[in-house]
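The values are calculated or read from the model by the stated rules, or taken from the named source; none is laboratory data. These figures come from a predicted structure and were not determined experimentally. Glycine also receives a Cβ, built like all others from the backbone with ideal geometry; neighbour counts cover every protein chain displayed.
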Amino acid sequence: MKTELTGLTPAEMTDWAKSCGLPAFRGKQIFQWIHRGADFAEMSNLPAGLRERLAGEAVAQPVRILLERVSKLDGTVKFLFGLQDGNCVEGVLMHYHYGFSLCISTQVGCRMGCRFCASTLEGCVRNLSAGEMLGEVLAANRYLRDRRTPGNGPESPDSPPERVSHVVLMGSGEPLDNYDQVMKFLRLLKEPEGILLSLRNVSLSTCGLVPEMRRLAEENLPVTLCVSLHAPNDEIRRKTMPIANRYSIPEILDACRYYIQRTGRRVIFEYALTEGINSGEAEARELAALLRGMQCHVNLIPLNAVRERNLQGVTEKTVSRFLRVLEEEHISATRRREMGDDIEGACGQLRRTTLQDGGISSGGA
Ligand code: SAH
């Protein structure tokens, strides 16, 4: 099998270069090229013969964009990323005032089984490697570069390159169910010779795998932890989230407190408002009581109804009422801005509809 270069640390890259009979400095050069999203053909300080030989032995960019959909509402871009083995995952690129935020996938599918989520309908196909996760970021960076300078022209000095500045692990998959590769990916993100992205700009979302949340707290990484809570008590949570049978809310909140204590960072709770399940005033009060005194923030998301699931989102009125109660109770909360509503922004939807509609031929739409 060909070596996947996006997954190598600088030291591993040097070892790989040596194993190809090259001097160590070639490893460093190749590392820099790879993290700029280059293919072998673009590595201009490598002899042409060497580039050809390496292309036979290694994969420079394991992720390519099969399909992209740009929202007419807000410019959000939804990508369908193709992997080397023919699998595909989704990513979403959002433009905020502070930069470009990319939501990436960590697994092909997911085995957590949340009833409202499209990513989990067919279970988990496989974990993504660290190199594939980084490959998603590099593919989005290439997309931004090519959009800015069509035909891969040089970057102009008066238009600085546009790059992904924030990464959220909220696409398909449960990141803490793919712990080691996710950790390796996070460390690759902050490599000085690579894209040098501050982990303060990274958010990781979990459905609440308690032992791994505690392990993450001990990694000394300033990542923002987001927890998909979606219920004020375990009885309601069990209705939509099978993981609630394994870990209770008190255990999850204990792990959150530990995370806050170790990292000094507040935790974000995600709460998808679902009609008739968790969205009443009583649930809002119960949630407020549960979270009182915690250094946290609640992100309210009106459930995005998925074709295959018989769960419903809520009206605007229900969202405002829920938010008002949390505000009255002095719980920091916001309604998550919905982006890319017209491009199937919700988890797993683009991949599913694309697969169902007969797939895509190579080269995109
Ligand atoms: N497995 C991780 C990350 C992936 S899902 C986790 O569970 O957190 C990212 C977020 O989208 C989670 O909060 C998830 O619960 C939520 N989500 C999934 N499907 C949704 C839907 N149909 N509508 C609204 N939010 C959804």
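Tabulated results
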| item | result |
| --- | --- |
| Residue check, N178 in the same structural domain as N278 (by TED's automatic domain parsing) and either closer than 25 Å to M94 by Cα or in a strand (DSSP E or B) (or both) | yes |
| Some residue of the stretch 321-334 being surrounded by 14 or more Cβ atoms within 10 Å (Cβ to Cβ), at negative phi and near the ligand (Cβ under 10 Å from one of its atoms) | no |
| Total residues in the stretch 109-133, condition closer than 18 Å to L67 by Cα and more than 15 Å from the ligand (Cβ to nearest atom) | 1 |
| Residue within the stretch 291-302 that is within 25 Å of the chain's Cα centre (by Cα) and more than 23 Å from V202 (Cβ to Cβ) present | yes |
| Test: F81 is among the aromatic types (F, W, Y), surrounded by 20 or more Cβ atoms within 10 Å (Cβ to Cβ) and in a loop (DSSP other than H, G, I, E, B) | no |
| The one condition in (1) in contact with a Leu (Cβ under 9 Å, 6 or more places away or on another chain); (2) assigned to a loop (DSSP other than H, G, I, E, B); (3) surrounded by fewer than 19 Cβ atoms within 10 Å (Cβ to Cβ) that N278 fails to fulfil | (3) |
| Near pairs, Cβ below 6 angstrom, 6+ apart or cross-chain, from the stretch 99-120 (over 16 Å from V167 (Cα atoms) and of a type in the set (F, W, Y)) to any residue that is crowded, with 20+ Cβ neighbours inside 10 Å and modelled with pLDDT of 95 or more | F116/T240 |
| Restricting the stretch 185-207 to residues that are crowded, with 19+ Cβ neighbours inside 10 Å and touching a Cys at 6+ places or on another chain (Cβ under 9 Å), the residue that is farthest from L102 (Cα to Cα) | C207 |
| Selection from the stretch 255-273 of residues that are outside any loop (DSSP other than H, G, I, E, B) and away from the ligand (no atom under 16 Å from the Cβ) | R257, Y258, I260, Q261, R262, T263 |
| Qualifying residues in the stretch 193-210 (those that are assigned to a loop (DSSP other than H, G, I, E, B) and at negative phi) - the one farthest from the ligand (Cβ to nearest atom) | E193 |
| Matching residues in the stretch 77-98 - criterion: being modelled with pLDDT of 95 or more and over 15 Å from the mean Cα position of the chain (by Cα) | G82, L83, Q84, D85, G86, N87 |
| Count of residues meeting criterion [within 13 Å of the ligand (Cβ to nearest atom) and within 13 Å of the chain's Cα centre (by Cα)] in the stretch 173-192 | 6 |
| Extreme residue, surrounded by the most Cβ atoms within 10 Å (Cβ to Cβ), among residues of the stretch 59-78 that are in a strand (DSSP E or B) and among the charged types (D, E, K, R) | K78 |
| Residue tally, condition touching a Lys or Arg at 6+ places or on another chain (Cβ under 8 Å) and within 14 Å of the ligand (Cβ to nearest atom), over the stretch 94-108 | 2 |
| Residue within the stretch 281-302 that is modelled with pLDDT under 95 and within 12 Å of the ligand (Cβ to nearest atom) present | yes |
| Pair list, Cβ under 6 Å, 6 or more apart: the stretch 147-173 residue within 24 Å of S198 (Cα to Cα), other residue modelled with pLDDT under 90 and outside any loop (DSSP other than H, G, I, E, B) | E162/R148 |
| Neighbours by Cβ (under 9 Å, 6+ apart or cross-chain): first from the stretch 288-308, within 22 Å of T224 (Cα to Cα) and touching a residue at least 12 places away in the same chain (Cβ under 8 Å); second among the aromatic types (F, W, Y) and more than 10 Å from the ligand (Cβ to nearest atom) | L300/F322 |
